[in-house]
Each structure stands twice: as C-alpha cells, then as structure tokens.
1. Enumerate the pairs (first residue in the stretch 5-20 and outside the structural domain of LEU52 (by TED's automatic domain parsing) and small (Gly, Ala, Ser); second residue anywhere and in a helix (DSSP H, G or I) and at pLDDT 95 or above) with beta-carbon separation below 8 Å, excluding pairs fewer than 6 apart on the same chain, so at least 6 apart or on different chains.
2. When the residues of the stretch 95-121 are narrowed to those that are hydrophobic (A, V, I, L, M, F, W, C) and surrounded by fewer than 12 Cβ atoms within 10 Å (Cβ to Cβ), which ends up nearest to GLU31 (Cα to Cα)?
3. Looking at (1) closer than 30 Å to ARG8 by Cα; (2) crowded, with 16+ Cβ neighbours inside 10 Å, can you tell me which one GLU53 breaks?
4. What do you reckon, is VAL91 more than 26 Å from MET9 (Cα to Cα), outside the structural domain of ILE114 (by TED's automatic domain parsing) and touching a residue at least 40 places away in the same chain (Cβ under 8 Å)?
5. Yes or no: ASP131 loosely packed, with under 11 Cβ neighbours inside 10 Å, closer than 26 Å to LEU32 by Cα and not aliphatic (A, V, I, L, M)?
6. Quick one: which residue in HIS82, HIS26 is at pLDDT 90 or above, surrounded by 17 or more Cβ atoms within 10 Å (Cβ to Cβ) and part of a loop (DSSP other than H, G, I, E, B)?
7. So which residues in the stretch 43-68 are over 12 Å from ARG30 (Cβ atoms), aliphatic (A, V, I, L, M) and either without any contact (Cβ under 8 Å) to a residue 12 or more places away in the chain or touching a Phe, Trp or Tyr at 6+ places or on another chain (Cβ under 6 Å) (or both), if there are any at all?
Amino acid sequence: MEPTPKPRMTKQKKVILEELKKLDTHPTARELCGIVRERLPKISLGTVYRNLELMSKQGIIRKLEVSGAEMCFDGNPHNHYHLRCVICGRVADADLPLIQGLEDSMAEKTNFQIISHNLEFLGICPKCQADRKRQRDASLN
C-alpha cells in the first residue's frame, strides 16, 4: 500500500495558515483576507475562502459554524472548547480540559456513531461587559 501524499502547500495556502496560526482570535474569511493582503496584496477573498475550506477538510484547521453567524476559522485543529460573545460575536478558546468519555457516553445513549463534537459556551466578553457598564453609567449621569 502506497503512503497517502501530503497535501500540497502553495505559497498562498502557507501564508494563510501562518497568519491564522498567529491569531488568538477566530477570524472570518473576510477578516483573515485583510490580514493576508498585507503580505499578498493581490490575493482574493475567494482564494482565501477556498484555501480555508480545503485546509478544514484536510484537518489542518477547524471551521466553526454557528447558526446565524458568519463562519470563523481556528488555527488549532485539535478538539477544544470555545466561548462566543452574544453581543459582538467574538470567539475565544476556552481553557478547559476535554470532558473524557463524553463522545462514548453519547454513542451509548443514542446509538449514533460519534465522529466529533463541538462545545461552545455563550456569554458576554469582557470588552462588551465594559462597554455596557460605560453606557449604563453614562445614562445615569
């Protein structure tokens, strides 16, 4: 049996991945395109999006899809949890250990073959909390 060939890493794909991995945020394709254009001024949004989709399918990065929100991308392909601000939409990694046995428990209870799972906590980020407090304080004065 022949080994599976490694995915081809074009210059554009390499720059997109490098820039994504530098971020501790989870940008949309449009946001990441703006960052990548600093290094590759002629790159199109379509090229960035196609490469993100491809890298997501290859397991190099993660695509975060939430109903009603624009897709975000995560340079960390390993299973981990996220926090999402319900006001500004910012997504951050939740620094928690994975719940061991969760997928096995779900498979036993449902007879589904579990492939993966996403756990996302919803809340209000510190910046939005501060903005709300400032607005409340201003309305009291």
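The values are calculated or read from the model by the stated rules, or taken from the named source; none is laboratory data. Owing to the predicted nature of the structure, the values given are computational and were not obtained by experimental measurement. With ideal geometry, Cβ positions are generated from the backbone for all residues, glycine too; neighbour counts draw on all protein chains shown.
1. none
2. Here is the first cut: in the stretch 95-121, the residues hydrophobic (A, V, I, L, M, F, W, C) are 96, 98-99, 102, 106-107, 112, 114-115, 119, 121.
In the following step, the residues that additionally are surrounded by fewer than 12 Cβ atoms within 10 Å (Cβ to Cβ) were identified as 96, 99, 112, 115, 121.
Details: LEU96: 27, ILE99: 31, PHE112: 36, ILE115: 29, PHE121: 23 Å.
Checking each candidate, the answer is PHE121.
3. (2)
4. no
5. Working: loosely packed, with under 11 Cβ neighbours inside 10 Å: no; closer than 26 Å to LEU32 by Cα: yes; not aliphatic (A, V, I, L, M): yes.
No.
6. Details: HIS82 fails: part of a loop (DSSP other than H, G, I, E, B).
Checking each option against the conditions leaves just HIS26.
7. If the condition is that a residue be over 12 Å from ARG30 (Cβ atoms), aliphatic (A, V, I, L, M) and either without any contact (Cβ under 8 Å) to a residue 12 or more places away in the chain or touching a Phe, Trp or Tyr at 6+ places or on another chain (Cβ under 6 Å) (or both), then ILE61 is the only one that fits.
This table checks each residue for (1) outside any loop (DSSP other than H, G, I, E, B); (2) of a type in the set (S, T, N, Q); (3) over 25 Å from LEU17 (Cα atoms); (4) more than 21 Å from the chain's Cα centre (by Cα).
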| site | (1), (2), (3), (4) |
| --- | --- |
| ILE35 | yes, no, no, no |
| SER56 | yes, yes, no, no |
| LYS63 | yes, no, no, no |
| VAL66 | no, no, no, no |
| GLU70 | no, no, no, no |
| ASN76 | no, yes, no, no |
| ILE99 | no, no, yes, no |
| GLN113 | no, yes, yes, yes |
| LYS133 | yes, no, yes, yes |
